[in-house]
Amino acid sequence: MSSSSSEHGVEIDRVLIELDDNLKSKLVHDLSSICNITSAEARSMLVAHKWNIQNAIDTFLDTTREDDEEEVVEVPINKKSNEPVAEITLDDSFEAGALNTETFSVWAPEKFSIISWNLDGLDDKNLEKRTDAVIRLIEKESHDIVFFQELLPFTFDYIARKMVTKYTPVVGTNDPDCQYLTATFLRLNKVFYEDHYIIPYPNSKMGRNLLVTKAFIGRAKLFLLNTHLESTAEFANTRRDQLKICFDHCASFPPEYNVIFGGDLNLRDKEVETLSVPSKISDLWIQCGARESCRYTWDLTRNTNKQG
């Protein structure tokens, strides 16, 4: 994710996240734990990278990769305790170097959690309360991947500030003057960001697009597709065309990748009936048992999102 820096903060795609001493100390602690280096080394790396922890991690991985000639890392040493740590065998998914195995696992997890949430940012009723409630829930449940839709730029800024020590934000726009946007958040030390790009929908009247994030969890390679399809009933045909773009893109990745597609699709029941879902794509709601209580993402009989 592109970023730049100022003297007192980190700017992510033109969104400034201010850094105070407490946050800097937390970043030093996190980088030290992730890379298994001393606090002094971590601070030096962060200063060199203007407190951008993702760039510091990338540099650390690149440096260790240059030093390693073998595919298997042979008993790396914990620089803090001078004790050997567990051997890490690498495959093509990533090159980890001598990372702390307490915070970085090379094995794909048995399960991880993902949540998608449209904050309905264009409606300002109780928006601050609703946003704080969403942040509390996400932090309480420790979701690994978060798909957001309809964030106002300042709402994205606010969430990124609140969760900067726990999540890597990926912003779904290249337009600094956008009215609202999508964003994907990745849990630090669990889901590791590699790259992202944005596919604009050529027929959108609402500035909608597909945010594609490349990441990994241990050995599991991921492509995460987050979108907000065209809204309202009158744009049903536009919405179907956009969904086809998403389905085609899901099918375009190499077979070793796990592709997760979600977001706010705005689909009506009658629209779903006319769709042909590709055979290689599984509906996670159906695969997880098709619980009737979870049938609707916006259940008007149960949803209290607007009540604050």
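The values are calculated or read from the model by the stated rules, or taken from the named source; none is laboratory data. These figures come from a predicted structure and were not determined experimentally. Reconstructed Cβ throughout: ideal geometry from the backbone, glycine too, with neighbour counts over all protein chains shown. The accessibility values were calculated without ligands, DNA or RNA, using every heavy atom of the protein model including side chains. Shrake-Rupley method; radii C 1.70, N 1.55, O 1.52, S 1.80 Å.
Here residue 196 fulfils each of the conditions (1) without any contact (Cβ under 8 Å) to a residue 60 or more places away in the chain; (2) crowded, with 18+ Cβ neighbours inside 10 Å apart from (1). Residues in region 170-192 that are modelled with pLDDT under 95 and open to solvent by less than 20 Å² (accessible area, probe 1.4 Å): 191 alone. Counting only residues that are touching a helix residue (DSSP H, G or I) at 6+ places or on another chain (Cβ under 7 Å) and outside any strand (DSSP E or B), region 179-194 holds 2 of them. Within region 1-51, the set of residues being assigned to a loop (DSSP other than H, G, I, E, B) and modelled with pLDDT of 80 or more comprises 37, 38, 49, 50, 51. In region 213-226, of all residues being free of Cβ contacts under 8 Å to residues at least 60 places away in the same chain and either touching a helix residue (DSSP H, G or I) at 6+ places or on another chain (Cβ under 7 Å) or of a type in the set (S, T, N, Q) (or both), the one that is surrounded by the most Cβ atoms within 10 Å (Cβ to Cβ) corresponds to 213.
The sole residue among 219, 268 that is touching a Phe, Trp or Tyr at 6+ places or on another chain (Cβ under 7 Å) and of a type in the set (Lys, Arg) is 219.
Residue-wise test of (1) over 21 Å from residue 164 (Cβ atoms); (2) open to solvent by 60 Å² or more (accessible area, probe 1.4 Å); (3) in a helix (DSSP H, G or I).
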{"site": "115", "(1), (2), (3)": "no, no, no"}
{"site": "121", "(1), (2), (3)": "no, no, no"}
{"site": "125", "(1), (2), (3)": "yes, yes, no"}
{"site": "130", "(1), (2), (3)": "no, no, yes"}
{"site": "134", "(1), (2), (3)": "no, no, yes"}
{"site": "137", "(1), (2), (3)": "no, yes, yes"}
{"site": "140", "(1), (2), (3)": "no, yes, yes"}
{"site": "146", "(1), (2), (3)": "no, no, no"}
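Being assigned to a loop (DSSP other than H, G, I, E, B), within 18 Å of residue 134 (Cα to Cα) and either open to solvent by 10 Å² or more (accessible area, probe 1.4 Å) or small (Gly, Ala, Ser) (or both) is a property that residue 165 has. Can you pull out the residues in region 252-282 that are in a loop (DSSP other than H, G, I, E, B), under 28 Å from residue 206 (Cα atoms) and open to solvent by 80 Å² or more (accessible area, probe 1.4 Å)? Matches in region 252-282: 268, 274, 276, 277.
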